[in-house]
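Worksheet: one structure, shown below.
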Amino acid sequence: MGAPLTAEQAPVNLTIDGEDVSVPAGTLIIRAAEEMGKYIPRFCDHPLLDPLGACRQCLVEVEGQRKPLTACTTPVAEGMVVKTEFTSELARDGQEGVLEFLLINHPLDCPMCDKGGECPLQDQALAYGPGSSRYIDPKRRFTKPVPISPLVKLDRERCVLCARCTRFSDQIAGDPFIELFERSALEQVAIFEDEPYESIFSGNVIQICPVGALTSSTFRFRARPFDMASADTTCNRCASGCRITVQTRRGELVRVLAKDDHEVNDEWICDKGRFAHPYAQSPERVVEPLVRKNGEFVAVSWAEAVQVVADRITAAREAGKGSAVIAGQQLVDEDAYALSRFARTVLGTNDVDARRVLGGEDEDAVLAALPKTITAANQDIDTAKLIVTIGVDLHEESPIVFLRVRKAGRKGVPVREISARRSAGNVQGARWTACRPGEEATLLAGVARALEARGNSGLDPSTRAAMQGVDPTSEMQELAAALQGVHGSVVILVGERLAAVPGALGLAWNITKAVDGTFGWIPRKAGARGAAWAGLHPALLPGGRSVESTDDRAAFGEVWGIDPPSRRGRDARAIFRTAPELGVLLLAGADPATDFADRQQAARGLDDAPFVVALDMFLTESARRADVVLPAAAAYERNGTVLNWEGRPRPVKAAVPPAGLAQADYEILAQIANAAGGEFPQTLEALRKEIKALLVQPAAAHAVTVGQLARPSADGLVLATHRPLLDDGTMMKGADALAQTAAPVVVEINPADARGLTSGEPVVVHAPLGEVRAPVLVTDAVARGVVFVPAHAGFAGRAGEAVTVEKAGG
């Protein structure tokens, strides 16, 4: 027999409108009513925000109480008898009175208000209001609208002071730049004069505002709710996999909203996911096939373009020349799988790579293990007793995961961040361990050695070998003690750039296993996990299978009808280095001339390759160097699936038709394969059938081989760099208001390394492959010996390489 329930666990029995209900102790009356399917009107209440009781709209009668109580702040009690507006005249009169007061100063301009047609105040005034107003005096007037940011406009006359926006900013986002000012009849939402509303989550306050007080500067006066079509899909701005609703009017994409999904994004999305949609209908889109003739691109039919590509593939094959594929990380899973299949069955090559960061053997092992292993999920973050992040800035690279980690931090869960630069976000109680780029492997080896000294016997032989010669510092020992102290309840989240440090990714994986924790790999881009599963890697086939394993290749005989190539392929760096030897170089959603760590090498490789085909939406720096450009559909124009960072399949649904003659990548590849004489799936259903046949059931983690560690010199300044959320990428095209909220490019340096530099003065950063000029910010948010420059600053620099900083002349 189990242990008796505690008082906190025991259910509470009460009656609402004569119906009995049993709910957990601590449940609010308004939530208990929802469990029964009863709706109590409200404005300030939100299930993800702390209760406030500001609007008084949810008044209910409770027997034994002298006056009505707010259902959104009152917890249930054993034997409680509650009467809502449906059975209590007292509650009904109270709600009518509150609505009448709210409408005293609220302008009755519903026909011109952006919230009209989806406004809770409008709906509740009709359903629960008095029907007429006794107020005949002039209403309150304010200057409007007030732009509190380039994205958000404020109409103070419409505000009902529910404080949803201020509570979201403070409690959820951690950006308390918006607040209630003044008192009584003068109380209003405002921002501080010297602190504008700067938040990458600002669009959420527009969506949760129950009236038309906060509106979108990009959507105002563009459409009515009843005039739009909606499609539920998945955002592809990062690897979080947020559910969104895309709304269109007459074929034009006009608005993106967050869709409730409490297992992934709750009810929130970042501003990039909400406002960066104009690129899909940019006039700069490639909307028809282009073939280079006499040095110039000429628009041709699909049939001609496909035949040109197929003929070159056939000629390369007959001449014994190899071909290669460079893929982006924004493909849906079906397109990624089709591309991997195309490389192996049509091009006959394992020279295929989608990685943004090229690592060593430990990265290969981790990417091979991901499809076969139970890895971290959002719910693990919710229940963790310790969260450790390594080499990832969640605020900039996976904002919704950042919100979940921040929520855990607010509950008192310790959060440890290991990085060269402290995250831009505010996580309550987070502790930062500064680590120069390239030294992560040494730090983790020290932690492993400290774990072993504490009696942990779960470390594998390669980890024990790697940690030899590393003496744990006090900080390493303290982190090991924290990990061992919560054995079985730790989540370790790592960024993809950790792979650039030999041994670091493998050590993070093995340490997680040794403390019985859960490992989470958080890449920057939406399709990275799907690309890893699909085998867009020179050593891996779909499902994490090895190209060099006879048993692994045998799984493809029945599915593909051929035995895939058995020799490990070349990575992206080697592909560009040997580009003149290639028959065909295929780019699929990739712009290596802009995104590759060594952009100059990528550009040279593209120029030297005899024949380049690009599947893309825009004439990027790389596509301009191609011989054939085939128009690919945007994320809003295709159906499919995306694996988010958890490995959770997220459905993608088309909201608008493809622009011009654009097609999904798999459709393009199928046509080329057929023209080149190969067998290839023609539909999404056929691709999904093959994918299903190749799925691997995830199991418990196994240790990976770590290999030789990188142990860099501690002398001089080194570069730290990664792309911010709001960068200068092609999918920011047309999002001008959003671009105005991006942080300016600055060079960040620790005070100990400033050497007379003061914040704001211009400096020059010299790196082996270029230089950048920008104002300097002297801050202790950067580790000593580190210079941070955002990766979109217009120069080619790699994390960990030596740099110098000097004042800019002139």
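The values are calculated or read from the model by the stated rules, or taken from the named source; none is laboratory data. Keep in mind that what you see is a predicted model, and the values were worked out from it rather than measured. Here the Cβ positions follow ideal geometry from the backbone for every residue, glycine too, while neighbour counts run over all protein chains shown. Heavy atoms of the whole protein, side chains included, go into the accessibility calculation; ligands, DNA and RNA do not. Shrake-Rupley method; radii C 1.70, N 1.55, O 1.52, S 1.80 Å.
Key figures for this structure:
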read-out	value
Only one of VAL291, VAL264, VAL286 that is over 23 Å from GLY734 (Cβ atoms) and either in a loop (DSSP other than H, G, I, E, B) or open to solvent by 30 Å² or more (accessible area, probe 1.4 Å) (or both)	VAL264
ALA774 vs. criteria crowded, with 19+ Cβ neighbours inside 10 Å, within 26 Å of ARG356 (Cα to Cα) and among the aliphatic types (A, V, I, L, M)	yes
Output for segment 684-700, where each listed residue is assigned to a helix (DSSP H, G or I), touching a helix residue (DSSP H, G or I) at 6+ places or on another chain (Cβ under 8 Å) and surrounded by 14 or more Cβ atoms within 10 Å (Cβ to Cβ)	LEU684, LEU687, ARG688, GLU690, ILE691, LEU694
Of the criteria (1) of a type in the set (D, E, K, R); (2) in contact with a helix residue (DSSP H, G or I) (Cβ under 9 Å, 6 or more places away or on another chain); (3) assigned to a helix (DSSP H, G or I); (4) farther than 25 Å from CYS165 by Cα, which one GLU96 fails	(4)
Whichever residue in segment 476-501 is over 27 Å from the mean Cα position of the chain (by Cα) and of a type in the set (A, V, I, L, M, F, W, C) and, among such residues, is surrounded by the most Cβ atoms within 10 Å (Cβ to Cβ)	LEU479
Those residues of segment 31-54 which are under 34 Å from the mean Cα position of the chain (by Cα), outside any helix (DSSP H, G or I) and surrounded by 23 or more Cβ atoms within 10 Å (Cβ to Cβ), in sequence order	PRO41, PHE43, CYS44, ASP45
Residue in segment 755-769 that is closer than 25 Å to THR433 by Cβ, open to solvent by 20 Å² or more (accessible area, probe 1.4 Å), of a type in the set (S, T, N, Q) and not assigned by TED's automatic domain parsing to the domain that holds LEU151 present	yes
Tabulated pairs, segment 467-489, first within 16 Å of LEU507 (Cβ to Cβ), second assigned to a helix (DSSP H, G or I) and of a type in the set (Lys, Arg), C-beta under 7 angstrom, 6+ apart or interchain	MET467/ARG449; VAL470/ARG449; PRO472/ARG449
Residues being in a helix (DSSP H, G or I), in contact (Cβ under 8 Å) with a residue 40 or more places away in the chain and under 21 Å from ALA316 (Cβ atoms) - total across segment 580-606	2
Filter result for LYS144 (surrounded by fewer than 15 Cβ atoms within 10 Å (Cβ to Cβ) and over 30 Å from LEU726 (Cα atoms))	no
Candidates VAL782, VAL745, filtered to the one that is farther than 13 Å from ALA420 by Cβ, surrounded by 15 or more Cβ atoms within 10 Å (Cβ to Cβ) and in contact (Cβ under 8 Å) with a residue 40 or more places away in the chain	VAL745
ALA305 vs. criteria in contact with a strand residue (DSSP E or B) (Cβ under 6 Å, 6 or more places away or on another chain) and crowded, with 18+ Cβ neighbours inside 10 Å	yes
Meets criteria (open to solvent by 10 Å² or more (accessible area, probe 1.4 Å), free of Cβ contacts under 8 Å to residues at least 40 places away in the same chain, farther than 21 Å from LEU358 by Cβ and not in a loop (DSSP other than H, G, I, E, B)) for ARG624	yes
Residue list for segment 659-683, filter: open to solvent by 30 Å² or more (accessible area, probe 1.4 Å) and more than 28 Å from the chain's Cα centre (by Cα)	GLY660, LEU661, GLN671, ASN674, ALA675, GLY677, GLU679, GLN682, THR683
Test: residue in segment 559-578 that is over 20 Å from SER340 (Cβ atoms), open to solvent by 30 Å² or more (accessible area, probe 1.4 Å), out of contact with any Ser or Thr (no Cβ under 7 Å at 6 or more places or on another chain) and assigned to a helix (DSSP H, G or I)	yes
The listed residue being over 25 Å from ALA743 (Cα atoms) and either open to solvent by less than 10 Å² (accessible area, probe 1.4 Å) or in contact with a Phe, Trp or Tyr (Cβ under 6 Å, 6 or more places away or on another chain) (or both), out of VAL211, VAL205	VAL211
Filter result for SER88 (within 30 Å of GLN65 (Cβ to Cβ), crowded, with 17+ Cβ neighbours inside 10 Å and in contact (Cβ under 8 Å) with a residue 12 or more places away in the chain)	yes
Residue satisfying condition, being open to solvent by 10 Å² or more (accessible area, probe 1.4 Å) and in a strand (DSSP E or B), within set ARG222, ARG237, ARG255	ARG255
Strands (runs of 3 or more DSSP E) contained in segment 369-469 and holding at least 1 residues open to solvent by 60 Å² or more (accessible area, probe 1.4 Å) and of a type outside the set (Val, Ile, Thr)	431-434
One residue from ALA336, ALA303 being under 33 Å from the mean Cα position of the chain (by Cα) and part of a helix (DSSP H, G or I)	ALA336
Criterion: farther than 30 Å from ALA686 by Cβ and in contact with a Leu (Cβ under 7 Å, 6 or more places away or on another chain) - qualifying residue of ASP362, ASP333, ASP382	ASP362
Residue in segment 109-129 that is farther than 29 Å from ASP227 by Cα and either touching a Pro at 6+ places or on another chain (Cβ under 9 Å) or at pLDDT below 90 (or both) present	no
From GLY26, GLY18, residue being touching a Pro at 6+ places or on another chain (Cβ under 7 Å) and either open to solvent by less than 10 Å² (accessible area, probe 1.4 Å) or outside the structural domain of CYS159 (by TED's automatic domain parsing) (or both)	GLY26
Options SER423, SER398: the member that is within 20 Å of the chain's Cα centre (by Cα) and modelled with pLDDT of 95 or more	SER398
Residues satisfying the stated conditions in segment 55-72, i.e. over 33 Å from the mean Cα position of the chain (by Cα) and either touching a residue at least 40 places away in the same chain (Cβ under 8 Å) or buried (at least 18 other Cβ atoms within 10 Å of the Cβ) (or both)	CYS55, ARG56, GLN57, CYS58, LEU59, VAL60, GLU61, VAL62, PRO68, LEU69, THR70, ALA71
Meets criteria (open to solvent by 60 Å² or more (accessible area, probe 1.4 Å) and either modelled with pLDDT under 90 or under 22 Å from PHE201 (Cα atoms) (or both)) for PRO138	yes
Count - residues of segment 783-806 that are assigned to a strand (DSSP E or B) and hydrophobic (A, V, I, L, M, F, W, C)	6
